[in-house]
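These notes concern the structure reproduced below.
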Amino acid sequence: MNSSNDRLAAAFAKAAPRAALIPYITAGDPSRAATPALMHALVEAGADVLELGVPFSDPMADGPVIQRAAERAIARGIGLPQVLEMVAEFRRGDDTTPVVLMGYANPVERMGQARFTEAARQAGVDGVLVVDYPPEETDDFAQLLNAAGIAPIFLLAPTSTERRIQKVAQIARGYVYYVSLKGVTGAGHLDVDDVAQRLGDIRRHVKVPVGVGFGIRDAESARRVAQAADAVVVGTRLIENIEEAVAAARRQGVADQAGIDAMAVRAAGAWLADIRRALDQAAGG
């Protein structure tokens, strides 16, 4: 099996000069069975890296769309152990595309940092982003991840101080996720000029690629962000697309979960393919 850091570095190198495309989905939504199939469909549609959300009951950084997805997954019994099983299942068909787990401290703490790190390594996880682990207090966890070949990934925001940026620069591997807006996922009012200026500030310290997420809802906003970012992260609008496909399937009288899942997977792949085409065109491809 490829090492995790190799997969992330290779994905960014292969994407260049185009910005890498990183879709976020919530594990277990629209179903447990659909998640690995959805991951494969997103890769086929042009994803360079996959962010897989670990469902949590109090996702403080997430807006209502991702909160609903987490609630649906939790209602189906999806927790961190099941998410790792999904990654392992995906890995049996794809040993190339990096998978990053994104979530909150509580599930990791319940499992234990060392046990989680080993389980993530065995499953084939490439990076871990724990939203509520402050980088100033994460040296031990980052060392565990690094020893396992897993990239510790961190958020930066418009409000991040220079000291916070410097600390993230010291310990981040893989890439850094810049939150382009104040507030929660799904917020609007993306100012691309401001994003470009902040990325310049961040790159004075951070040497790994910088991805930008929050507020990217369509091909045009993705294309504009790609002019400044190393990667474009899309989540809320993708999950809305899955929700809409599930609702449409039910309106059409599709009763079985497999049929509903199939419609959701097709819709998600088609939407992401539009984003990928926009990024290709922006890079002159």
Of all the residues that make up segment 62-101, how many are under 27 Å from Ala9 (Cα atoms) and of a type in the set (A, V, I, L, M)?
-> 9
Would you check if Thr138 is free of Cβ contacts under 8 Å to residues at least 24 places away in the same chain, surrounded by fewer than 22 Cβ atoms within 10 Å (Cβ to Cβ) and over 23 Å from Arg92 (Cβ atoms)?
-> no
Give just the number: which of (1) surrounded by fewer than 19 Cβ atoms within 10 Å (Cβ to Cβ); (2) farther than 24 Å from Ile216 by Cβ; (3) among the hydrophobic types (A, V, I, L, M, F, W, C) does Ala157 not satisfy?
-> (2)
Given the conditions (1) surrounded by 23 or more Cβ atoms within 10 Å (Cβ to Cβ); (2) within 26 Å of Ala270 (Cα to Cα), and given that Glu44 satisfies all but one, which numbered condition is not satisfied?
-> (1)
Could you list, in sequence order, the residues of segment 1-60 that are assigned to a helix (DSSP H, G or I) and of a type outside the set (A, V, I, L, M, F, W, C)?
-> Ser4, Asn5, Asp6, Arg7, Lys14, Thr35, Pro36, His40, Glu44
So Thr97, is it in contact (Cβ under 8 Å) with a residue 12 or more places away in the chain, polar (S, T, N, Q), under 17 Å from Gly124 (Cβ atoms) and out of contact with any Lys or Arg (no Cβ under 7 Å at 6 or more places or on another chain) = yes
Take segment 86-112 and flag every residue that is out of contact with any Leu (no Cβ under 9 Å at 6 or more places or on another chain), under 14 Å from Asp58 (Cα atoms) and either among the β-branched types (Val, Ile, Thr) or crowded, with 22+ Cβ neighbours inside 10 Å (or both).
-> Tyr104
The listed residue being among the basic types (Lys, Arg), more than 28 Å from Ala169 (Cα to Cα) and free of Cβ contacts under 8 Å to residues at least 24 places away in the same chain, out of Arg250, Arg277, Arg203 = Arg250
So Ala33, is it touching an Asp or Glu at 6+ places or on another chain (Cβ under 9 Å), surrounded by fewer than 21 Cβ atoms within 10 Å (Cβ to Cβ) and not polar (S, T, N, Q) | yes
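Laboratory data are not the source of any read-out in this text; all were calculated from the coordinates shown. The structure presented is a predicted model; accordingly, all values stated were derived computationally and were not measured. Backbone-built Cβ (ideal geometry, glycine too); neighbour counts: all protein chains shown.
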